[in-house]
Amino acid sequence: MLFLWILLGILALLFLISMLSAHVILEYREDVTLTLAFLFLKFRLFPAKQKKARLTKRTKKTEKQKQVQKKQDTPEKPSGEEKGILEKLKDIRTLLTVLLKRTLGHLSIRTARIHIFVATGDAASTAILYGAVNGGVALLLETLDRFGKLKYGRNDEILVCPDYLGDKTRADLRISFSLRVWHILDILLKTLLAYTKTRKQKVKS
């Protein structure tokens, strides 16, 4: 009888935990990251942490020589800045589309912050890139509106500005989602597998 009460207590506790809300946070500064926050705990879901291999002095020297040689042999790509921010916005939209399709009807979305300052070092190129980035952000917000309830807390949360004096685009993007724990456990694994498969297909092509 005591065992039965203990089992019922454990099941009740698991049920209560599964009904709590967790937060999935997508951020982009230097790169795209996906984090799960539950109570006071945080877990990075994407990209996965890589273990650092121990390097001997000889290995370190060889790796350093390879990096120097690679830097000398790699030609400069003037259009890299334009491709970088636009590709990241596209990747974020792909990840969000997969995530939101899996959570339709269960997910509460809040756009916390989208700040992008567009700069290339050339006024004409900056103006062109600014228009393209504006279009990318509009598609991103449209995706969020289509699949969930989009909430704005302040007027300055969505900010895309051209920086004609700068030479590098700066981005600070953070989108948070609220979802029941038992929904997250099923959804996140499928989302990450689908996104990883998409990225691999892009690399092969």
message = Which residue is least open to solvent (accessible area, probe 1.4 Å), if the candidates are limited to the range 145-165 and must be at pLDDT 80 or above and touching a strand residue (DSSP E or B) at 6+ places or on another chain (Cβ under 7 Å)?
response = Glu157
query = Taking Gln67 and the conditions (1) modelled with pLDDT of 65 or more; (2) among the polar types (S, T, N, Q); (3) open to solvent by 90 Å² or more (accessible area, probe 1.4 Å), which numbered condition does it fall short on, given that it satisfies the others?
reply = (1)
ask   = How many residues are surrounded by fewer than 11 Cβ atoms within 10 Å (Cβ to Cβ) and over 30 Å from Val118 (Cα atoms) if we restrict to the range 2-43?
value = 18
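Limited to the range 157-174, what total is found for residues that are part of a loop (DSSP other than H, G, I, E, B) and in contact with a Phe, Trp or Tyr (Cβ under 6 Å, 6 or more places away or on another chain)?
Here is the first cut: in the range 157-174, the residues part of a loop (DSSP other than H, G, I, E, B) are 163-169.
Those left that are additionally in contact with a Phe, Trp or Tyr (Cβ under 6 Å, 6 or more places away or on another chain): 163.
Number satisfying all stated conditions: 1.
The values are calculated or read from the model by the stated rules, or taken from the named source; none is laboratory data. Predicted, not measured: the structure shown is a model, and the values here were computed from it. Backbone-built Cβ (ideal geometry, glycine too); neighbour counts: all protein chains shown. Just the protein is used for accessible areas: all its heavy atoms, side chains included, with ligands, DNA and RNA removed. Shrake-Rupley method; radii C 1.70, N 1.55, O 1.52, S 1.80 Å.
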